[in-house]
Amino acid sequence: MEDYNLEKAKIAIIAMGSVCGTIKDFIDKKKEEKIGLLKVITYRPFPKKEIFQLLKDKKIIIVLEKAISLGNEGPLYTEIKSLFSKDMQKIMGFIAGLGGRDITFETLEEMLKLAREKEGRCHFLDVNYSLLSKEFYV
């Protein structure tokens, strides 16, 4: 695991892979908002105790991933959510970058907005829902 600005952060973003570079740049741009990053490098064995210790005092925990498992959540979100079963309200999952789409600062802004509003548990970002029915039948 690698952390970036996490010690003093009130909002933690957990992610894996190349999107973490974009997230670091976004954090640098938003210094006044006290956002930190936890980059998970090794998924198995999952470092439960270490992650719990790093995130237990965060006000909002955001899990951002570019993958989805069966159902409607990402695999990393499912793992993180299981660590905080008594305090689920501060954990939000986001799926972005599907179909090779870039995750932009605008995407990250939308993610922060939704996390602050605390609507739902898992959200898809940058999906044009009006096209879904057309794509399904093509």
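The values are calculated or read from the model by the stated rules, or taken from the named source; none is laboratory data. Predicted, not measured: the structure shown is a model, and the values here were computed from it. Reconstructed Cβ throughout: ideal geometry from the backbone, glycine too, with neighbour counts over all protein chains shown.
Within segment 23-46, being closer than 12 Å to GLU2 by Cβ and either not in a loop (DSSP other than H, G, I, E, B) or not aliphatic (A, V, I, L, M) (or both) holds for ILE23, LYS24, GLY36, LEU37, LEU38, LYS39, THR42.
A quick yes/no check of all residues on (1) small (Gly, Ala, Ser); (2) at pLDDT below 90; (3) not in a loop (DSSP other than H, G, I, E, B):
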site: GLY21; (1), (2), (3): yes, no, yes
site: LEU64; (1), (2), (3): no, no, yes
site: GLY99; (1), (2), (3): yes, yes, yes
site: ASP102; (1), (2), (3): no, no, no
site: LYS134; (1), (2), (3): no, yes, yes
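Taken over segment 31-69, the criterion of being basic (Lys, Arg) and farther than 19 Å from HIS123 by Cβ is satisfied by LYS31, LYS34, LYS39, ARG44, LYS48, LYS49, LYS56.
The set of residues from segment 92-128 being crowded, with 21+ Cβ neighbours inside 10 Å and farther than 20 Å from ASP25 by Cα comprises MET92, GLY93.
Just to be sure I understand the filter: pairs with C-beta atoms under 8 Å, separated by 6 or more residues or on different chains, first member in segment 8-31 and under 21 Å from GLY100 (Cβ atoms), second member loosely packed, with under 12 Cβ neighbours inside 10 Å and β-branched (Val, Ile, Thr). Which pairs pass? As it stands, the answer is MET16/ILE41, since those pairs meet every condition given.
Would you be able to say whether some residue in segment 62-83 is of a type in the set (Ser, Thr, Tyr), surrounded by 15 or more Cβ atoms within 10 Å (Cβ to Cβ), within 25 Å of ASN128 (Cα to Cα) and touching a Cys at 6+ places or on another chain (Cβ under 7 Å)? Yes, segment 62-83 contains a residue that is of a type in the set (Ser, Thr, Tyr), surrounded by 15 or more Cβ atoms within 10 Å (Cβ to Cβ), within 25 Å of ASN128 (Cα to Cα) and touching a Cys at 6+ places or on another chain (Cβ under 7 Å).
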